[in-house]
1. Rounded to the nearest 500, what is the chain's calculated 222 nm mean residue ellipticity when only DSSP H runs of at least 4 contribute -39500 (n - 2.57) each, over all residues?
2. In what sequence do 419, 237 fall when counting other Cβ within 10 Å, fewest first?
3. For a quick check, take a GNM of the chain with Cα springs below 10 Å and name the residue from 170, 289, 193 with the largest mean-square fluctuation.
4. Taking the highest mean first, how do the peptides 144-153, 58-67 order by number of other beta carbon atoms within 10 angstrom per residue?
5. Give the relative contact order (percent, whole number) for the stretch 210-384; include only Cα pairs under 8 Å separated by 6+ residues.
6. Between residue 397 and residue 326, what is the label-point separation in nm under the 7 Å Cα-to-beta-carbon projection?
7. Which links in 159/321; 173/195; 173/334; 45/321; 107/227; 107/399 stretch past 26 Å when you go from one Cα to the other?
8. Among 300, 350, 316, whose Cα projects farthest towards the positive end of the dipole of the stretch 210-384, with charges put on the beta-carbon of Lys, Arg (+1) and Asp, Glu (-1)?
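Throughout, read-outs are computed from the coordinates displayed, never taken from laboratory work. All of these numbers come straight from a predicted model, not from anything done at the bench. Don't worry about glycine lacking a Cβ; one is built from the backbone with ideal geometry, like all the others, and counts go over all protein chains shown.
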Amino acid sequence: MTQSRRTFLRGTAGLCLAAPIAACESRAETVVSSKEGTAPRAAVKASVYVPGYFPQAAYANGVAVANNRRLSKAVRNQDEPFRMLTRIDMDGQIRQALLPAYAHDVKISPDRRLGVLCGFEERNQVAFDPDTLELVAEAPTFAEGWRGGGHAQFVDGGKTVLLSERAPLATLKPGAPEALFGRITIRDADTLALKGSYSTHGIDPHDIRLIEDGRYLVVANYGSVIKPGETEFSVPRHVVQACVTVIDMTDGRLVDKQVTNRGDAELRHLAAGAQDRIFAIQARLGDDAAGTAAMRSRDAAYRADITSERGMHYLSAATLKCEVGKPPRAMGRKAEQAQMRHGLSIAYDAEHDQAIATFPSADRVMVFDGASGEVVQQIDTTRSGLRYPCGVTLLPDGKHYAVTGYWENLFVYERGSHRLVRDLCLYPMFFGHSHITAA
């Protein structure tokens with residue numbers, strides 16, 4: 001998701017507080033309660049991290065956070081990009097802090113020693129302490145003019161972090177897409193110092209996932225470019241090579257490249273469990289006329305999509321199943337694909353061989369069978385009170401996963417059954433977000 005990513009408001013201040021969040025009472029809807037065998041809240045020892053997009057909407061101690069000096073120590077220059085990181089503990093505690101990165105996703109090292117806020121479309125990323133949320137390190141992008149790709153993965157037990165990074169903005173020269181290919185930067189986790197890099201073999205890389213014990217890295221490449229004679233991306237996007245690439249991390253060799261051959265849909269996010277378990281989310285944008293046409297059959301009054309931008313609408317685009325050596329194929333039936341608007345976060349549950357994806361513009365969570373790609377469950381989250389489901393993450397207890405609403409609320413579901421566990425739901429505010437991570 002992009003929230004005015006190239007013109008985002010850059011001014012606010014720091015927020016760092018801890019307070020309990022009250023849980024909602026369990027009710028008899030499509031839910032399961034702890035009395036029915038689900039682990040009680042105290043047994044689910046986990047924290048969920050959420051990078052918030054709009055800290056200018058936040059207040060602390062009765063004043064806007066921009067005016068609260070005590071809470072802004074990590075932000076030295078309010079004219080530079082920063083966002084608010086929220087950590088929600090499953091026991092109901094919350095901690096928040098502003099950090100100087102135009103963050104999109106967040107990743108925590110396997111040993112919980114470090115976290116990384118992944119810069120997106122800007123020039124820096126930061127490392128932080130997952131417990132205190134204190135700033136640990138800052139680093140610029142790969143080279144002058146390069147932009148953050150928004151996602152990361154830890155390797156070497158947390159000693160090294162991989163970041164997706166994008167080449168400088170430029171129009172495509174005929175026959176030379178390689179000039180716009182992004183890179184995977186290999187960085188020391190403690191300092192974010194650059195140790196090396198590999199080509200992503202695709203334009204504008206974004207989400208990245210490791211498979212086969214870290215031997216291969218799977219990359220989602222947007223594939224969109226600026227049209228000749230223009231200075232910004234158009235709506236709809238001008239897509240020349242949306243693709244999934246698989247890279248051998250021992251030497252950077254390209255193992256496989258699957259191009260969608262669609263000129264109107266970017267390839268943004270993915271989940272992966274093996275070479276035959278890659279699930280890729282497409283995003284298709286339309287102008288106001290296309291948005292009106294897409295919603296013409298919606299009789300009940302509705303508000304404008306708060307996860308989008310003025311003059312831009314998310315249209316349906318099928319999520320893809322990819323296997324190394326085979327062409328990508330659309331998942332789901334036509335009626336289900338019609339609800340795949342603004343596919344955003346996706347996680348792969350290896351135990352149940354299912355991929356769980358969010359579609360905030362349609363208020364949907366969809367569950368795909370890992371082998372066939374069929375939609376095995378479709379959840380209308382508005383029926384239980386969750387609007388614009390964005391983030392999804394598997395909780396480390398092995399039994400649950402969390403889904404977060406764009407602006408607020410964290411709902412917990414059972415893996416496999418996908419029943420809502422109302423006892424474990426929490427209701428914090430995030431101030432807009434795309435992705436979440438549990439540790």
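1. Details: 2 runs with 11 residues, N = 439.
Result for the chain, helices only: -500 deg cm²/dmol.
2. Numbers: 419 16, 237 23.
In order of increasing Cβ crowding within 10 Å: 419, 237.
3. Judging by the Gaussian network model, the answer is 289.
4. Final packing ranking: 144-153, 58-67.
5. It rounds to 16 percent for the stretch 210-384.
6. Distance between the two pseudo-spin positions: 3.5 nm.
7. From 159/321; 173/195; 173/334; 45/321; 107/227; 107/399, over 26 Å: 159/321; 173/195; 173/334; 45/321; 107/227.
8. 300
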